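Chemist: Sharing a structure here in structure tokens format.
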Ligand code: HEM
Ligand SMILES: [Cu+2]
């Protein structure tokens, strides 16, 4: 097993020989560069969701004689879903703290709990989708429903991908311990997971809360 | 088993695509055999295909772009020939459904698989060198990005042999692109190819924004970065924010076509104006993704060959970032005629014209850089001057189009086609040719032949004007774009001039190949021994040509605005180099086949989706995921270059440069 130390991303061994007084001392270390790049990726993902939100906002009233928002959405179900996701984000934070302390058992426990809560969220979402489709309110019914299923489904797909990632992260931590590159990945994962939370809050507000206003 | 794929998909009954296919397959086969005979596969595999070296990846991007330029040009000359032949009673040689595929393929290929890879290729090759670092922030991901773009290009070309391409124009507007009106595989080819290459583009953007913001040589503060790096930063910021929108709008169209959704359909409450808005929210910034790095290239060329620092460096940076932001606020000028109302049209019209201001600032900066300088009239400078002449006119016709009432008159006419070719050829293609000539010696260690280079320039310059100025005239007379047949015979002379112009451009493309082969043959006469063939000012000229994999033995310390120029002048004055630094071993990323394999599965999966071969699509997805997990599981991502090797190389380089600088200081 190789030992990977915290070196700058590339051009690693140069020690900035002179301070220019401008605060730029050569390339940043990998522990900054990697999460930074990932954070940019998450930003682009946010843009992706903005386009989906824009589509939804354009089409929300185009129900083509089919069911509308207030007939379809149930606040209490979504509330449970939301709470599950918010808590899982919190637990993910606990996992990060224990991982920093290199506590294998608790890290794995918190990660499992994160994943289980994610599964609860996904289960409720699938249940909601299933009942809607069974009632004849599937995505093919109207432009409104197309945009609804795409927006919420895209978030759900992200959660699914996150769960797959979570599984491989747990395996990697188990097999390789808390090496720096594994820790960087874990940090990226947590950024991703929290970002999904933020997007969900927007969905919750724009789709469900506004959609069920009396 | 094979979904929609049957023997009927192969164009046995259509001579033109069939013959083209056979010729291309034979040519590819011949190249393959030749490489095998020469035993070059291992070299290609190790040095290029699996390389994580940003310079090699940049070269691969540019090769891809040049190859696709030939394809895109073949489409263009076919269209020009058709429009010269199919006048009045004659119907020409292309049936309408074929003609429609050609202009759609031409536009798609030129923008996505010529201009984009060309620009990204330069950013790959140049940015890390100019920043004084060893590679981009994520070298493996860089390789993956390239191969994803290449898979997209592969799929588009496959549509020539198997099936058909979209007949919808390069932006595939619904409802024409919906299943009801385009039931074949053409639009699916378009959608899948762009989705795959689009993922590559987003990854590229992540990579370069991180590289430029987080990895620079010591002392390389923001306001010391070369202008090309600034424009690359702006361009990548736009990519990062624009391409996800493209992904969404294309995904929505896919959902409509594949699963019967109703985003843009005529029934079910769909709204095709949503498509127009989203596609142009991507599409207008896209123009600036291409043209900003082009401006960067012109800036480097202007400064180097005028022997002066760039005039108004800070205003150049400011103008670049201003354009970066304003480019997002004008998309609606692409559909002034679609009933948004006078007020909205006025706002977007004015916003569009405002972009002219920072662009004008730049033109003045280049002019003032040359003014009072000792201008050397090399090939890149020819392109620079040709660009300024051409682009100013293109910009003015753009301002015309940004006036809504004028747009109502020339909307969708050949006037528009002339305008955008003028800015894209005069602005982007000229810059790419200039950059190709300028950085070629850095990549390969010898310069290109000047005389042939100038011949190529004249072909592009004269050919462009002959090919597109007539279209302005025709546009004013009411000639609409995308016409397969011309009913007014009085247009014939203008169309014939346009054909001649296109043929001259074609000659220029042929001469580019000749220039390359001739320059390779006679390379010994034009070797770039010193690494600094043009008396350059930025850091890429500090290292040898071609640079070692790690670019710099030690990262340069940057003082002052023109990192390399300052250093070079000091060395000439004192007739000695800076003290030999303390060399260290260097850690570099290892090669990896991940990129090609991922791209292979992506292309497989894409092909399967186009033809509804679902089992193969699932197989492709699983394959891509498996290779991803495999890659993530590895531990060894870097190898160490021993200090002895670094030192030996660096000493040799110092010896060469010392000699060179000594000669220079004798001569001044
Ligand atoms: C090499 C010389 C070129 C020639 C002779 C040429 C010629 C043409 C012609 C004849 C058309 C169709 C005009 C019509 O609608 O009737 C066209 C369309 C177009 N060209 Fe070019 N072109 C050239 C280069 C380029 C380049 C370099 C780009 C972009 C990088 C480009 C992008 C486009 C686009 C986007 C369209 C619109 C396609 C559509 O209607 O959907 N062209 N070109
Ligand atoms: Cu525009």
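Chemist: If residue A:50 satisfies every condition in (1) closer than 23 Å to residue B:129 by Cα; (2) modelled with pLDDT of 55 or more; (3) out of contact with any strand residue (DSSP E or B) (no Cβ under 9 Å at 6 or more places or on another chain) but one, which is the exception?
Modeler: Against the list (1) closer than 23 Å to residue B:129 by Cα; (2) modelled with pLDDT of 55 or more; (3) out of contact with any strand residue (DSSP E or B) (no Cβ under 9 Å at 6 or more places or on another chain), residue A:50 comes up short only on (1).
Chemist: When only residues in region B:220-253 that are farther than 21 Å from residue B:317 by Cβ and more than 10 Å from chain A (Cβ to nearest Cβ) count, which is farthest from the chain's Cα centre (by Cα)?
Modeler: B:253
Chemist: Let me ask something else. If you go through region A:22-59 one residue at a time, how many are over 22 Å from the mean Cα position of the chain (by Cα), surrounded by 18 or more Cβ atoms within 10 Å (Cβ to Cβ) and more than 30 Å from residue B:276 (Cα to Cα)?
Modeler: Of the residues in that region, 6 qualify.
Chemist: Inspect all residues belonging to region B:468-476 and state whether any of them is away from ligand 2 (no atom under 16 Å from the Cβ), farther than 18 Å from residue B:491 by Cβ, touching a helix residue (DSSP H, G or I) at 6+ places or on another chain (Cβ under 6 Å) and away from chain A (no Cβ under 14 Å).
Modeler: So far as region B:468-476 goes, no, none of its residues is away from ligand 2 (no atom under 16 Å from the Cβ), farther than 18 Å from residue B:491 by Cβ, touching a helix residue (DSSP H, G or I) at 6+ places or on another chain (Cβ under 6 Å) and away from chain A (no Cβ under 14 Å).
Chemist: Keeping to region A:175-202, report how many residues are modelled with pLDDT under 95 and loosely packed, with under 15 Cβ neighbours inside 10 Å.
Modeler: So the count comes out to 3.
Chemist: With respect to residue B:286, is the statement that it is within 16 Å of ligand 2 (Cβ to nearest atom) and out of contact with any strand residue (DSSP E or B) (no Cβ under 6 Å at 6 or more places or on another chain) true?
Modeler: yes
Chemist: Could you list all residues from region A:140-173 that are free of Cβ contacts under 8 Å to residues at least 12 places away in the same chain and not in a helix (DSSP H, G or I)?
Modeler: Within region A:140-173, just A:140 meets the criteria.
Chemist: Among B:217, B:205, which is within 14 Å of another protein chain (Cβ to nearest Cβ), outside any loop (DSSP other than H, G, I, E, B) and within 23 Å of residue A:30 (Cβ to Cβ)?
Modeler: B:205
Chemist: Would you point out the residue of region B:254-288, among those that are within 16 Å of ligand 1 (Cβ to nearest atom) and within 14 Å of chain A (Cβ to nearest Cβ), that is nearest to residue B:326 (Cα to Cα)?
Modeler: Let us first name the residues in region B:254-288 that are within 16 Å of ligand 1 (Cβ to nearest atom), namely B:275-276, B:279-280, B:282-288.
If we keep only those that are within 14 Å of chain A (Cβ to nearest Cβ) too, we end up with B:275-276, B:279-280, B:282-283, B:285.
Working: B:275: 21, B:276: 19, B:279: 17, B:280: 14, B:282: 13, B:283: 14, B:285: 9 Å.
Selected residue: B:285.
Chemist: Of the numbered conditions (1) surrounded by 17 or more Cβ atoms within 10 Å (Cβ to Cβ); (2) within 13 Å of ligand 1 (Cβ to nearest atom); (3) not in a loop (DSSP other than H, G, I, E, B), residue B:519 fails exactly one; give the number of that condition.
Modeler: (2)
Chemist: One residue is enough: does region B:561-568 have a residue meeting the conditions surrounded by fewer than 21 Cβ atoms within 10 Å (Cβ to Cβ), touching a strand residue (DSSP E or B) at 6+ places or on another chain (Cβ under 7 Å), at negative phi and not in a helix (DSSP H, G or I)?
Modeler: Scanning region B:561-568, I find no residue that is surrounded by fewer than 21 Cβ atoms within 10 Å (Cβ to Cβ), touching a strand residue (DSSP E or B) at 6+ places or on another chain (Cβ under 7 Å), at negative phi and not in a helix (DSSP H, G or I), so the answer is no.
Chemist: Still on this structure: If you go through region B:145-167 one residue at a time, do you hit one that is assigned to a helix (DSSP H, G or I), away from ligand 1 (no atom under 14 Å from the Cβ) and within 14 Å of another protein chain (Cβ to nearest Cβ)?
Modeler: Yes, region B:145-167 contains at least one residue that is assigned to a helix (DSSP H, G or I), away from ligand 1 (no atom under 14 Å from the Cβ) and within 14 Å of another protein chain (Cβ to nearest Cβ).
Chemist: Still on this structure, please answer the following. Those residues that are in contact with a helix residue (DSSP H, G or I) (Cβ under 9 Å, 6 or more places away or on another chain) and more than 16 Å from residue B:395 (Cα to Cα), I need them from region B:340-356; list them, please. Let's see the steps before the verdict.
Modeler: First, pick out the residues of region B:340-356 that are in contact with a helix residue (DSSP H, G or I) (Cβ under 9 Å, 6 or more places away or on another chain): B:340, B:342, B:344-349, B:351-356.
Listed by number, the residues that qualify are B:340, B:342, B:344, B:345, B:346, B:347, B:348.
Chemist: I'd like to check which helices (runs of 4 or more DSSP H) are fully inside region B:366-436 and have at least 3 residues that are free of Cβ contacts under 8 Å to residues at least 40 places away in the same chain.
Modeler: Working: elements: B:379-401, B:404-410, B:414-423.
Hits in region B:366-436: B:379-401, B:404-410.
Chemist: OK, next. Of the residues that make up region B:530-537, is at least one more than 25 Å from the chain's Cα centre (by Cα) and surrounded by 21 or more Cβ atoms within 10 Å (Cβ to Cβ)?
Modeler: Yes; the residues of region B:530-537 include at least one that is more than 25 Å from the chain's Cα centre (by Cα) and surrounded by 21 or more Cβ atoms within 10 Å (Cβ to Cβ).
The values are calculated or read from the model by the stated rules, or taken from the named source; none is laboratory data. Computed from a predicted model, the values in this text were never measured in an experiment. Please note: Cβ atoms are built from the backbone with ideal geometry, for glycine as well, and neighbour counts cover all protein chains shown.
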